[in-house]
Amino acid sequence: MSTSNVSRVYKWSIAALSSLALAGCSMFSDPDPRTMPAPLTEYSASASVRVAWSVPVGKGSGQGFAPVIHESYIYAATPDGNVTKINASNGRVSWKSNANTRLSAGVGSDGNTTAVVSNDGTVIAFDSSGQEKWRARASSEVSIPPLVGEGQVIVRSGDYRVQAFDASSGDLSWSVQRPGPALALKTSMQMMLMDGLVITGLPNGKLMAIHADSGAVQWEGTVSVSRGSTDLERITDVVGAPQVSGNLLCGVSYQGRINCFDIASGGNSSWARNFSSYVGMGVDSRHAYVPDTRSVMYAFDLSDGNEVWRQDSLFNRNITSPAIVSGALVVGDFEGYVHVLNPSDGSLMGRLNLDKNPIVSPLLSTDHGVAVQTGNGNLVMVRLN
């Protein structure tokens with residue numbers, strides 16, 4: 001077996017182990033309360049949670065299948081190749097296309113170009129009416145959603161390379177690569193655009209800002225540094241989507257830290273705390289909210305990193321990163337429930353079951369509610385009253 005194949009086996013092996021850890025159940029009977037999901041508890045409901053609309057978008061789901069919104073439309077993709085554009089206000093389908101191949105990640109869109117990625121690393125772009133316009137090959141497999149904007153379709157591949165393809169032609173615009181660890185998690189990671197910069201986390205515990213038009217690296221910040229004597233112990237991937245609040249750019253890693261950088265001071269660390277998460281974080285103007293690897297939700301003060309509250313009623317329920325909407329935090333869990341938490345103190349405000357399958361796709365905050373891509377291939381708009 002070649003070195004590249006061995007490396008790929010290791011990466012997919014740790015991905016499989018991580019998926020099992022996130023699945024919320026075991027093939028073996030294990031009465032240890034430290035590993036058992038918390039049962040649903042009674043609470044005093046203070047928020048009404050309802051389904052505004054639900055649209056089938058395909059079959060299957062996954063951590064790399066995060067829906068995105070551009071203006072008033074949501075774009076979603078599923079592993080069976082379906083790509084759908086939906087009106088966020090009423091759930092009406094504007095167009096639905098199929099890539100005619102299995103997808104490993106999707107979707108990214110700026111309204112004019114919508115992109116997904118196939119299992120073999122092929123980037124597939126559709127135009128504003130859902131017609132395929134080009135295909136291009138990334139350097140290796142891609143498991144996180146593409147980013148579309150600034151005239152580019154940007155992907156981050158498994159060989160720790162960030163590549164940009166011209167949104168009109170599919171030609172390679174630029175490529176940036178950084179050395180990476182022997183093992184990396186396959187979990188919910190996302191990139192973001194901010195002021196013409198591509199912000200992406202890396203499996204080496206870093207955040208990086210790249211000029212979208214040129215590929216020039218503007219800034220790199222260390223969220224966490226790997227520790228330990230084995231490859232497993234040294235995994236310290238940045239997970240979830242980078243978060244911005246005011247002058248702060250924040251990231252969180254597995255087996256690492258939460259770190260918030262002050263953009264105004266040139267990207268110096270404002271504060272950091274030791275932490276470990278599989279799924280990432282959310283922020284508002286006051287707090288950073290992040291579940292640990294046991295699905296205990298924490299809130300930290302954005303000004304100094306001090307813990308404000310913690311909520312353990314969803315212990316081991318493998319919750320998603322939180323979506324923040326209408327003065328509430330919303331997370332999905334391994335039994336297809338969405339839970340609503342009070343951002344002030346973490347108390348449970350509401351609950352709704354959408355599906356019997358696990359919700360693993362990151363939830364999407366919109367002006368119309370929280371969009372949830374369920375395990376059975378539906379896109380559901382959840383509204384709070």
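The values are calculated or read from the model by the stated rules, or taken from the named source; none is laboratory data. None of the values given here were measured: they were computed from a predicted structure. Cβ placement follows ideal geometry from the backbone for every residue including glycine, while neighbour counts extend to all protein chains displayed. Accessible surface areas use protein heavy atoms only, side chains included; no ligands, DNA or RNA. Shrake-Rupley method; radii C 1.70, N 1.55, O 1.52, S 1.80 Å.
Below, the figures for the structure above:
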item: Candidates 71, 42 - the one that is more than 26 Å from residue 373 (Cβ to Cβ) and modelled with pLDDT of 90 or more; result: 42
item: Which numbered condition residue 311 fails, given (1) touching a residue at least 60 places away in the same chain (Cβ under 8 Å); (2) under 16 Å from residue 332 (Cβ atoms); (3) open to solvent by 20 Å² or more (accessible area, probe 1.4 Å); result: (1)
item: Meets criteria (surrounded by fewer than 17 Cβ atoms within 10 Å (Cβ to Cβ), charged (D, E, K, R) and closer than 24 Å to residue 155 by Cα) for residue 262; result: no
item: Matching strands (runs of 3 or more DSSP E) fully within the stretch 56-132 where at least 1 residues are more than 20 Å from the chain's Cα centre (by Cα), surrounded by fewer than 24 Cβ atoms within 10 Å (Cβ to Cβ) and of a type outside the set (A, V, I, L, M); result: 82-87, 93-98, 122-126
item: Output for the stretch 141-158, where each listed residue is over 19 Å from the mean Cα position of the chain (by Cα) and open to solvent by 20 Å² or more (accessible area, probe 1.4 Å); result: 150, 151
item: Positions within the stretch 256-277 being in contact with an Asp or Glu (Cβ under 9 Å, 6 or more places away or on another chain), part of a loop (DSSP other than H, G, I, E, B) and not polar (S, T, N, Q), in sequence order; result: 267
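Matching residues to (1) modelled with pLDDT of 95 or more; (2) open to solvent by 40 Å² or more (accessible area, probe 1.4 Å); (3) in a loop (DSSP other than H, G, I, E, B):
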{"site": "304", "(1), (2), (3)": "yes, yes, yes"}
{"site": "331", "(1), (2), (3)": "yes, no, no"}
{"site": "351", "(1), (2), (3)": "yes, yes, no"}
{"site": "358", "(1), (2), (3)": "yes, yes, yes"}
{"site": "383", "(1), (2), (3)": "yes, yes, no"}
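Residues checked against (1) surrounded by 16 or more Cβ atoms within 10 Å (Cβ to Cβ); (2) acidic (Asp, Glu); (3) at pLDDT below 90:
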position: 186; (1), (2), (3): yes, no, yes
position: 209; (1), (2), (3): yes, no, no
position: 214; (1), (2), (3): no, no, no
position: 223; (1), (2), (3): yes, no, no
